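Comments concern the structure below.
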Amino acid sequence: MRRIALKSIAFRKTRALLTAMAIVLGVSMISGTYVLTDTIRGAFTDIFTASYQDTSAVISGREIVKDAASGTATVPASVLPRVARLPDVEAAAGAVTSTDGVKLLDESNAALGGKRSDTIAIGVDTSQPRFNPLNLVGGHWAAGPGEVVLDKATAKKQHLEVGDTIRASGPGAGAARYRVTGIARYGKVDSLGGAAIAVFTVPVAQRLAGKAGQLDTISLAARKGVSPERLVREVAPMLPRSAQVKNAADQAAHDAGDVDEFLRFFQYFLLAFAAIALFVGSFVIFNTLSITVAQRAREFATLRTMGASRRQIMRSVLLEGAIIGVLASAAGLALGLGLAKGLTALMRALELELPQAATVFAPRTAIVSMAVGIAITVLATVVPALRATRVPPIAAVREGATVPPSRLGASANGLAVATIAIAVGALVAGSFASGLSTGATLLALGGGVLLLFIGVAMIAPALVRPMAAVVGAPARRLGGSAGALARGNATRNPARTASTAAALMIGLALVTVVATLGAGLRHSVRASLDDQVRADYVVTSEASLPDAATRTGAVPTTLAGVGAASIVLDDRARVLGADTGVDGIDPTALARTYRFTWAAGSSAASLARLRDDGAIVKKSFADKHHLRVGSAMTMTGPSGRRLAVRVRGIHTPPTFDRIQPVLAPVLVSRRAFVATFPRPKLRYAFVALDGNPGAATLAGLRQAVRRFPGTKVQTKDAWVTEQAAGINTLLNLLYVLLALSIVVSLFGMVNTLILAVFERTRELGMLRAIGMSRRQVRRMVRHESTITALIGAGLGLPVGLFLAAIVTRALSDQGLAFAMPVASLAVFVGAAFVAGLVAAIAPARRASRLDVLHALQYE
Amino acid sequence: MSAQPSPPVHTVDIATRPATLAAVPADGRPGATVHARGLSRRYGDGDAVVHALRDVSVDIEEARLTAVMGPSGSGKSTLMHILAGLDRPTSGRVTLAGTEVTALDDNALTKLRREHIGFVFQFFNLLPMLTAEENILLPLSIAGVKPDRAWYEQLVDVVGLRDRLRHRPSEMSGGQQQRVAVARALVSRPSVVFADEPTGNLDSSTVAEILGLLRTSVDTYGQTTVMVTHDPQAAAIADRILFLADGEIVRDVERASARDIVSVIEQLSR
């Protein structure tokens, strides 16, 4: 019996191959995800290893506020000579690293490499190469002012060579020229994701980054025989409270921590799509094997007459599934290596570049990919295998033997309705019930979605006939007899059509959810921003502004026509035990450009009373911390500096502001802000005009901000549109990843059609014999395919809209609105139609090429 | 097909066989392999009820070839299906090789099939992905029994397939496929071989070939065989011919020539 399983696969290679494809893609997504994330992790490990190779201990600023715009606290440069004098220290070197704010520019002050070009500016003491994580691959290190070394990837991308000149600016210094004196690599890594690396001397980096007299790290090498731990113990008491010292191993682990956290999230995110593709794949496998088992009914019956037990039949079919699973998983595993490259390219196309180094293929990748692929295939085989065991031996002597109907039979629809009811119940409970743990909520939502798909797939056979009547109507009118036959074929075996369409339904439902939520988010962002911002123009910046600009205001109010220019600076601080966003504002200017909705007891007068020791807070923040007007609180900035304030006013922005806030929860005066936060970021400058907007005013504004690279002026409408489009990158990523599961369902459609053509060989021969042309045969198969695909769309779109409606309703307390993405839905229906046409290509060709005589004799 | 070498087939001169007419015995015969008592089979109910078999009792004797004849709808196939345990009677019982077939569950029936029953089908029912050799040995492989090599080699020679053993069914003619099927039915030395219209899907030139094979298996190896057929030429090789009409055995004939059989059929249809 084992041989029968093996031979059966070898005998029906095409069929096995098509069946396997359903799993290959899902498995390749798993293996690709692991390879990609392992490779990125490997790249970072290289980087961190290189960073601390010859280092015993590292002094660094504490991370007082997580994710602060101005980074972690710095270490006073005066610490360096003191620790360097310690007898146990053999060598010490300070370095400056700025990951935000320094910009590389071309001659016209435009950012090198476009809009999203991040630059990591580093100042290293190249006289002590043991602490230098970078390796020179050409030229020499920057030795004085006006010199810079670039990383290899950036130099290549920007076509820069040693001797060329670029410009750079930063929070501490305006744009100036720098000569490229060398090209370097970070450890063994060519590229650090999309970010450019610019290496300066320490004093230049300090000035550019606005860290004069400050260092980010001091690397220490211990004298021979001195343990890193001993060095740490000796150095620790010499440091200010905002600084810390760690041995090199701990420091490397600390550095890797953030990356690890991101990678883990990224990995789960991609694996979720692998799971979806595999779920769809299991439908396809289930359907294909069900058809195959039905077509092989006589074979199973014959085996039974020869004494094969039910268990042997079961084992044989399961073994076939397992073999297909093994082959498919192995192919998927291999394909994953290619997919990892594809995913990298995808991320790059979506401007989410990741660092690259040698490909890492861990044993875990192979184990998980194989185990999951095989398990899913075998699971999907169980029901068809059970059906095969129910073929009675007497079917061996009957012509046109069929598999007996499922024992569920008449109760199938009832069961389907019950499944859908349970699914909806779980979804509603997961979305609205309070007091559920996160785990229970996720289980209810995930299980609910899964059950909903299964339930709809179960009820679908009952819907195939009416739906085919609707979507098949044009086919009948346009396709004549071929169209009418196609509709008949699609409804001949409703369970089969339903199951094929259901696989497509899943992908379409999920893209519908994405599109609908996306439309809702865009709509809500627009409404929320329009409601709050009253400016005519909005100035935004990607980089920190030079100190001078933040103190004086980047936008000159003296410009003709400008009534008010309100600068909003942004950073995070520790307030009342938690990290919170804090904005620095100009009260009078903001009052003219932002519409405050004051809570009871506050008013516009609160703004006037702000001064340098007051704060305006959002109602949600006040409620959380039990604050009232007059309450006192202290905030600690990223550098450790403190600011004590009293609440002067409480305002209530629209509910959607929670998802996409315009202002931070805490507002303080710009002066108080600048005194507390070392390198604040410009969030916006809202500009209100006295008169009507004019081209001259806009040109004047543009001219005024030109001094600050990475800063742009937009009309309010353009800004609102850009903000609303902010989720588009994410939406596109989701579409591409969900497209994978749609491709899987496409394979299912091809499978079903090819098997149907095979099954109807004799009938097709008869149709050809009575005068049907090859073209008509092709058209018939095509119509059947598009009818199936449109049934998939007819199931998927409503299910998707329903899921999106539930999510929207659950998030309605966040102000999320439901918006029907009509255009997107039309595109999806069109895509389903095209998918049907594509799936029909090979089967239609096969059907039209049947030899009439041969087909008629086919048994 | 004609291009292939002619196999050593034992042909039988059907016309010269003596015809002996005998009465149906009231009781079970000694040496019988299959006993059936009071078999009835109804399909459907109410007005649509069909009586496929009405109170049929019969014994199939050992080492003889019993043919079952009758027009379409006479119940001949139903009788064979019930005797072979493929179908269950509405009432009555069947004993095969000492076991009451009608009382067995699926597992016991499976065991019975492995040990005591061989089948030859009208449409050959070979597994398309297996070679002739693998098809022949399939029943043993299913039962997990080591093949008796000597017996297998002998069978291959008897059916004349030595040069076809590595071929798949799609590479063989209908006659060759049916020879594979006969060898497959015999390989486990079953108590009874049931042949269901074994010549029904063959062209006339190969019919005699297969009939000769069945006859040889009875004569040389004492293989008890039941053959359902509507072909008088096929029935003429039988030791005994049961005629069914409307679900009843209406004649039980010991050896008859094809001509005699045709005349019996004519009598019955009158």
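Give me the one-decimal nm value for the distance between modelled label points at residue B:40 and residue A:6, 7 Å along each residue's Cα-to-Cβ direction.
Here the answer is 5.3 nm between the modelled labels.
Taking the inverse of the average 1/r across all pairs of different Cα atoms in region B:32-269, what Kirkwood radius in Å do you get?
Kirkwood radius, region B:32-269: 18.2 Å.
Given a Förster distance of 35 Å, report the FRET efficiency between residue A:238 and residue A:626 from their Cβ-Cβ distance, rounded to the nearest 0.05.
So the FRET efficiency works out to roughly 0.30.
Using the structure shown, select from A:624/A:716; A:157/A:712; A:66/A:619 the pairs with a Cα to Cα distance greater than 27 angstrom.
A:624/A:716
Hey, how many Å between the Cα centroid of region A:594-611 and the Cα centroid of region A:626-642?
With region A:594-611 and region A:626-642 each reduced to a Cα centre, they are spaced 18 Å.
List the aspartates and glutamates whose Cα lies under 17 Å from the Cα of residue A:681, skipping any in the same chain that are fewer than 8 positions away.
Of all the aspartates and glutamates, those that pass the test against residue A:681 - Cα under 17 Å, at least 8 places apart if same chain - are A:67, A:100, A:118, A:542, A:547, A:570, A:571, A:579, A:583, A:586.
Would you work out if the protein assembly as shown is rounded, prolate or oblate? Take a ≥ b ≥ c from the square roots of the eigenvalues of the alpha-carbon gyration tensor; rounded if a/c is under 1.5, else prolate when a/b is larger than b/c, oblate otherwise.
prolate
Using the Cα centre as the reference, give the magnitude of the dipole from point charges on the C-beta atoms of the protein assembly as shown (Lys, Arg: +1; Asp, Glu: -1; all else neutral), rounded to the nearest 20 debye.
The calculation lands at about 2040 debye.
What residues from region A:801-823 fall in the zone where the backbone N is under 18 Å from a label point 7 Å along the Cα-to-C-beta line of residue A:735?
Counting backbone N atoms under 18 Å from the label point, the list is A:801, A:819-823.
Between residue A:633 and residue A:658, how high is the FRET efficiency from 1/(1 + (r/R0)^6) when r is the Cβ-Cβ distance and R₀ = 25 Å? Nearest 0.05.
Once rounded, the FRET efficiency stands at 0.75.
Is region A:74-241 best put as rounded, prolate or oblate by its Cα gyration tensor, with a ≥ b ≥ c the root eigenvalues, rounded for a/c under 1.5, and otherwise prolate when a/b is larger than b/c, oblate when not?
prolate
Please work out the Cα center distance from region A:479-525 to region B:50-90, rounded to the nearest Å.
Cα centroid to Cα centroid, the span is 52 Å.
Using only Cα atoms, find the angle between the long axis of helix B:149-159 and the longest principal axis of chain B, and express it within 0 to 90 degrees, rounded to the nearest 10.
Once rounded, the angle reads 80 degrees.
Going 7 Å from the Cα of residue B:103 toward and past its Cβ, which residues in region B:29-62 have a backbone nitrogen under 15 Å from where you end up?
B:35-37, by backbone N distance to the label point.
Sequence neighbours fewer than 8 away in the same chain don't count; with that in mind, list the aspartates and glutamates whose C-alpha is under 18 Å from residue B:146.
B:115, B:133, B:134
Based only on Cα atoms, what Rg/Rh ratio does region A:543-709 have, Rh being taken as Kirkwood's radius?
Rounded to two decimals, Rg/Rh equals 0.98.
If one takes the longest principal axis of the Cα atoms in chain B, at what angle in degrees, from 0 to 90 and to the nearest 10, does the Cα axis of helix B:106-116 lie?
Roughly 60 degrees, rounded to the nearest 10.
Straight distance only, please: which lysines reach the Cα of residue A:152 with their own Cα at less than 25 Å, same-chain residues fewer than 8 apart left out?
Within the straight-line limit of under 25 Å, residue A:152 reaches these lysines: A:103, A:115, A:188, A:341.
Rounded, prolate or oblate for region A:395-526? Axes are the square roots of the Cα gyration tensor eigenvalues, ordered a ≥ b ≥ c, and the cut-off for rounded is a/c under 1.5.
Oblate, because a/c is 1.5 or more while a/b does not exceed b/c.
Please list, by residue number, every one of the GluC sites (Glu not before Pro) in region A:38-143 that is coil in DSSP and has at most 12 other beta-carbon atoms within 10 Å.
Of the GluC sites (Glu not before Pro), the ones in loops of region A:38-143 whose Cβ has at most 12 other Cβ atoms within 10 Å are A:107.
Give me, ordered by chain and number, the residues 5 or more places off residue B:61 or on other chains with an amide H under 5 Å from its own placed amide H.
It is B:33, by chain and number.
Grab the Cα-Cα distance for residue A:600 and residue A:675, subtract it from 0.36 nm times how many residues apart they are, and report the gain in nm with one decimal.
Computed gain between residue A:600 and residue A:675 is 23.9 nm.
At a Förster distance of 56 Å, what's the computed FRET efficiency of residue A:229 paired with residue A:834, Cβ-Cβ distance as r, to 0.05?
Calculated value: 0.30.
Semi-axes of region B:180-270's equivalent ellipsoid from the Cα gyration tensor, sqrt of 5 times each eigenvalue, largest first, rounded to whole Å?
After diagonalising the Cα gyration tensor, the semi-axes are 24, 15, 12 Å.
Report, in order of residue number, the helices in chain A meeting two criteria: a C-alpha extent of 15 Å or more along the helix axis, and a mean Kyte-Doolittle hydropathy of at least -0.5; treat each whole DSSP H run as one helix.
A:13-51, A:248-295, A:310-349, A:363-389, A:412-432, A:438-471, A:473-492, A:494-532, A:695-705, A:728-759, A:774-810, A:822-848
Using only Cα atoms, locate the centre of region B:164-200 and the centre of region A:273-336, then give the distance between them in Å, rounded to an integer.
Each part's Cα centre sits 29 Å from the other's.
Quick note: the coordinates plus some simple rules give every number you see, no bench work behind them. From a predicted model like this one, the values you see are computed outputs, not experimental measurements. Here the Cβ is made from the backbone with ideal geometry for all residues, glycine too, and neighbour counts use every protein chain on show.
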